[in-house]
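S.K.: Sharing a structure with you now.
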Amino acid sequence: MSQRALRFPFAPLTVIALVGALFGASAPAGADDNPCTASRFEFKEVEKACKEGGRVAAKKMMNAVVKKAKEAGEQMNCKTCHNDVKDKFDLKANANADFKRWL
């Protein structure tokens, strides 16, 4: 081993850490980054998605339900079940029944 390597054994790790810091390396997005706002859940599947992946996972699940309904000929979109699709995602009266039908 060279004298230089003996004097700076952690130099490669330091370089990797600096590059990561400069280019914003971070952990993958999860539930903590964009959590669901609901405090109670009618469906265990939605609760699990919210706990594991936050709004991103919940939206993915909802989109799958919408896709399934559309494939069956239903006219469905986010506003079919939600009053608000930007902040609180408040549910309409028909939301749980429609969701259960296509889950």
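The values are calculated or read from the model by the stated rules, or taken from the named source; none is laboratory data. No experiment lies behind these values; they were computed from the predicted model shown. We place every Cβ from the backbone using ideal geometry, glycine too, and count neighbours over all the protein chains shown.
S.K.: Which is surrounded by 10 or more Cβ atoms within 10 Å (Cβ to Cβ), modelled with pLDDT of 85 or more and of a type in the set (A, V, I, L, M), of Val19, Val15, Val85?
M.R.: Working: Val19 fails: modelled with pLDDT of 85 or more; Val15 fails: modelled with pLDDT of 85 or more.
Of the residues listed, the single one that is surrounded by 10 or more Cβ atoms within 10 Å (Cβ to Cβ), modelled with pLDDT of 85 or more and of a type in the set (A, V, I, L, M) is Val85.
S.K.: In segment 81-95, is there at least one residue being outside any loop (DSSP other than H, G, I, E, B), within 18 Å of the chain's Cα centre (by Cα) and over 14 Å from Ala38 (Cα atoms)?
M.R.: no
S.K.: So, in segment 35-68, how many residues would count as being modelled with pLDDT of 90 or more and either touching a strand residue (DSSP E or B) at 6+ places or on another chain (Cβ under 7 Å) or of a type in the set (S, T, N, Q) (or both)?
M.R.: So the answer is 1.
S.K.: When only residues in segment 32-75 that are among the small types (Gly, Ala, Ser) and assigned to a helix (DSSP H, G or I) count, which is surrounded by the most Cβ atoms within 10 Å (Cβ to Cβ)?
M.R.: We begin by selecting, within segment 32-75, every residue among the small types (Gly, Ala, Ser); these are 38-39, 49, 53-54, 57-58, 64, 69, 72-73.
Cutting the leftovers down to assigned to a helix (DSSP H, G or I) gives us 49, 53-54, 57-58, 64, 69.
On the way: Ala49: 22, Gly53: 21, Gly54: 19, Ala57: 19, Ala58: 26, Ala64: 12, Ala69: 18.
Top of the filtered list is Ala58.
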